[in-house]
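The values are calculated or read from the model by the stated rules, or taken from the named source; none is laboratory data. On a predicted model such as this, the values are computed, not experimentally measured, just so you know. Heads up, the Cβs are rebuilt from the backbone with ideal geometry, glycines too, and the neighbour counts pull from every protein chain shown. The area values use the complete protein model at the heavy-atom level, side chains included, leaving out ligands, DNA and RNA. Shrake-Rupley method; radii C 1.70, N 1.55, O 1.52, S 1.80 Å.
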Amino acid sequence: MTSNQSKKHRLHPFALLFFLFRNIVDWLWFIVVSLIGLGSQIDKLTSIDGTLVMIILASSLAFLVVFFAILRYLFFTYEISPEMITINKGIFIKKHIHIPYGRIQTISQDQWFFLTPFHLEQVKIETAGHDDSKPEGILPVVPESVKEEIEKYRVQARHLNRMTNGSDDVQPEPEIQTEPKDVYTISNHDLNLFAATSLGILPIIAVVGAIYNRVYDTIPHKYIDSAFAELAHLSVLLIIGTVVFFLIICFLISYVGLILKYYKFTITENENQLHTEQGLLSRKTFTIKNNRVQSVQISQNILRQFFKLATLRVLTASKIGKEDNDATLTVLPVIASDQAAGMMHKFISWMPETLPTLTRLPTRSYWYLIRNSVLLMLIIIIPCIYFLKWWGTISLILLPIAFFLGLYSAKNSGFSTANGQLVVSDGHLFNRSIYITELKNIQSFELRQSIWMTKTQLAHFTVNVRSGNGNKEIELRYYPKTEADRLFSFLSTYKSSRIKS
Amino acid sequence: MNTTEHLPTKIKNVWRINACISLACFVAAFIAALIASHIFEWQLLSTIGNVILVIGIAFFIIDMVLVDYRYRFFEYTLTDDSVLVQKGFIFRKLISIPIARIQDVTIEQGPVLQSQNLSKVTMTSASTSHTIDGLEPETAEVLRKQIMKLALEAVENDV
């Protein structure tokens, strides 16, 4: 073991730009507040010219930002030794992070297109702990060879581990499989379909709406009001045309965003690890151990249900997949819904090849879900009518929407305990999710009943599964108490072997 | 071994003391808001202060009234496979934590619990945690040992 194998490396100089950018973003609110606030105060209090103060303030802030970015860069070193990865960082509070290869659960890589010619990327390493909200080891800008080295030492560490712990492992012989047994790459046609059927347009409308609100507050009202007066004079057709144009723009933003995000999505399985790659402008790679998967989620929004398409995600005990909404990692962006289970079975062996028939919510319980949905909607409608008077009555259109939301939830609710696994179907905001969970991954479960539900003999059932760093509650609501009791005792009497997540 | 237990009666004192402490915090916030509104001549702060005081008193009354109810309707059972906790009467909950899922058991004693010589037991799984508000220290220790023993047995039953 020569000593030059483990020498401390600095990050690539491009990391300076990365730290600079991060500093600006972190300090942005401080910079803006102090520039505006302090600048104007000093102008009032002293006789010094306001603009001069602003210039001094701005340049000193700029200097500080650059100075600290340089310091952060200088104080960041990493070392890839045969036993572990060491990261040293921090200007005032020095942190030394040691990650032995055996503890690594998930590795992700993120490569922006402008770094590809330089063969640089960001590597994130995560272990089994669940303290922070971020992965433990982040190497912001390193050569691609770093990940290769890490993988090499990881495999070595695994072999060493197997040899010292005896051969009670069920895993195959210690060779690096160069041909992974199953690979799935999304076709452009499927990707197109996925991006087109996403209901992501709605959040974008919400975002644009929020931006409009911000703008409305800052620009003097008279400009906006006169613009609206102008618009009102235009013909109705033109107004409708503008709205449609606006919706098309939102749709295009959502569509292009998804294409860029999931471009050439690929999933493979290798040595009990799932490996996914996606993205055009930023190529992201996730490698996660199979046993970190807590639950498989088959998700469909109402549009995709109509087209018989589904998205497959996994809930993992990992923080890295957090960039895909709420700690789920997308493993198959889009697939024909009847093939979903079968395809997933190739990558995750405990997944059933076909989904069992589910016990459904009895019709008499539909009323409760619809009632709750309508009541919740009234919380929005009543203030609207009260404050906005006549214009507020437009919000009444939310009532039938609430009705259908409740109906959708009721129709898409169901569960099954076949094959020693728990399958739960849950309809929520026009999106159906079917969770398939091995019983050993259920952390705890609850049976709930209000005193009024004792008369109707109904109960709620909640199952808790680890997701990311926190908990995911999978709920079954308003089921007959007898069914809930049966499910409770089924989960209780299951003799599971203890496998920590 | 499958006996259903209630909390020791002293827990009611703990809950009442906690309610008083909460009330004290609300009152302090009210006083602070009152003083601030005088210093800064800001009417809004004193209204906020009043609201805080009303909320604080409401919580206090609710907490005190519910002490007996909470005591009566809290039970826990340690079986071979799981810890069962049952609480509430109007809103009932039955929680099961499989022993095999329990990652660790923590016993804590804050100042209020120390004054009553009780300990709080927290059982943590990989994603949830469940608390028994207060037990006699010996009972807490016995419970912890039993859980850990059963948890270890579960590991040995590993196929």
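Being more than 10 Å from chain B (Cβ to nearest Cβ) and hydrophobic (A, V, I, L, M, F, W, C) is the filter here; which residues of segment A:481-498 pass it?
Listed by number, the residues that qualify are A:Leu487, A:Phe490.
With segment A:228-294 as the region, which strands (runs of 3 or more DSSP E) entirely inside it contain at least 1 residues that are charged (D, E, K, R) and open to solvent by less than 20 Å² (accessible area, probe 1.4 Å)?
In segment A:228-294, the matching strands (runs of 3 or more DSSP E) lie at A:266-270.
Which condition number in (1) of a type in the set (Phe, Trp, Tyr); (2) under 29 Å from the mean Cα position of the chain (by Cα); (3) farther than 11 Å from A:Leu139 by Cα; (4) surrounded by 15 or more Cβ atoms within 10 Å (Cβ to Cβ) is the one that A:Phe118 fails?
Condition not satisfied by A:Phe118: (4).
Return a yes/no flag: does segment A:312-321 have any residue that is modelled with pLDDT of 90 or more and out of contact with any Ser or Thr (no Cβ under 7 Å at 6 or more places or on another chain).
Looking for residues that are modelled with pLDDT of 90 or more and out of contact with any Ser or Thr (no Cβ under 7 Å at 6 or more places or on another chain), one finds at least one in segment A:312-321, hence yes.
Residues checked against (1) without any contact (Cβ under 8 Å) to a residue 60 or more places away in the chain; (2) within 14 Å of chain B (Cβ to nearest Cβ):
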residue: A:Ile385; (1), (2): yes, no
residue: A:Lys389; (1), (2): yes, no
residue: A:Pro400; (1), (2): yes, no
residue: A:Phe415; (1), (2): no, no
residue: A:Asp426; (1), (2): yes, no
residue: A:Ile434; (1), (2): no, no
residue: A:Thr437; (1), (2): no, yes
residue: A:Ile442; (1), (2): yes, yes
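Could you list all residues from segment B:71-90 that are open to solvent by less than 40 Å² (accessible area, probe 1.4 Å), part of a loop (DSSP other than H, G, I, E, B) and in contact (Cβ under 8 Å) with a residue 40 or more places away in the chain?
Result: B:Thr79, single match.
Right, B:Asn2: assigned to a loop (DSSP other than H, G, I, E, B) and either at pLDDT 90 or above or open to solvent by 60 Å² or more (accessible area, probe 1.4 Å) (or both) or not?
It is true that B:Asn2 is assigned to a loop (DSSP other than H, G, I, E, B) and either at pLDDT 90 or above or open to solvent by 60 Å² or more (accessible area, probe 1.4 Å) (or both).
Mind checking whether some residue in segment A:67-76 is buried (at least 16 other Cβ atoms within 10 Å of the Cβ) and either under 26 Å from A:Ala317 (Cα atoms) or within 14 Å of chain B (Cβ to nearest Cβ) (or both)?
No; the residues of segment A:67-76 include none that is buried (at least 16 other Cβ atoms within 10 Å of the Cβ) and either under 26 Å from A:Ala317 (Cα atoms) or within 14 Å of chain B (Cβ to nearest Cβ) (or both).
Return a yes/no flag: does segment B:22-34 have any residue that is aliphatic (A, V, I, L, M) and under 20 Å from the mean Cα position of the chain (by Cα).
The answer is yes, given that some residue of segment B:22-34 is aliphatic (A, V, I, L, M) and under 20 Å from the mean Cα position of the chain (by Cα).
Assess whether A:Phe404 counts as being within 14 Å of chain B (Cβ to nearest Cβ) and either within 24 Å of A:Gly200 (Cα to Cα) or buried (at least 17 other Cβ atoms within 10 Å of the Cβ) (or both).
No: the conditions fail for A:Phe404.
Given the criteria of a type outside the set (S, T, N, Q) and either modelled with pLDDT under 85 or within 19 Å of A:Lys95 (Cβ to Cβ) (or both), does A:Pro143 qualify?
Judged against the criteria, A:Pro143 is not a match.
For segment B:93-152, please list each of the strands (runs of 3 or more DSSP E) lying entirely inside it that holds at least 2 residues being more than 9 Å from every other protein chain (Cβ to nearest Cβ), open to solvent by 60 Å² or more (accessible area, probe 1.4 Å) and over 30 Å from A:Met453 (Cβ atoms).
B:104-108
Residues that are more than 11 Å from chain B (Cβ to nearest Cβ), under 16 Å from A:Ala410 (Cα atoms), out of contact with any helix residue (DSSP H, G or I) (no Cβ under 9 Å at 6 or more places or on another chain) and not aromatic (Phe, Trp, Tyr): does segment A:467-480 have at least one?
Among the residues of segment A:467-480, at least one is more than 11 Å from chain B (Cβ to nearest Cβ), under 16 Å from A:Ala410 (Cα atoms), out of contact with any helix residue (DSSP H, G or I) (no Cβ under 9 Å at 6 or more places or on another chain) and not aromatic (Phe, Trp, Tyr), which makes the answer yes.
Would you check which residues across segment A:444-466 are in contact with a Phe, Trp or Tyr (Cβ under 8 Å, 6 or more places away or on another chain), more than 7 Å from every other protein chain (Cβ to nearest Cβ) and among the polar types (S, T, N, Q) and list them?
A:Thr462
With the requirement that a residue be in contact with a Gly (Cβ under 7 Å, 6 or more places away or on another chain) and in contact (Cβ under 8 Å) with a residue 24 or more places away in the chain, what does segment A:345-360 give you?
Scanning segment A:345-360 gives A:Leu358, A:Thr359, A:Arg360.
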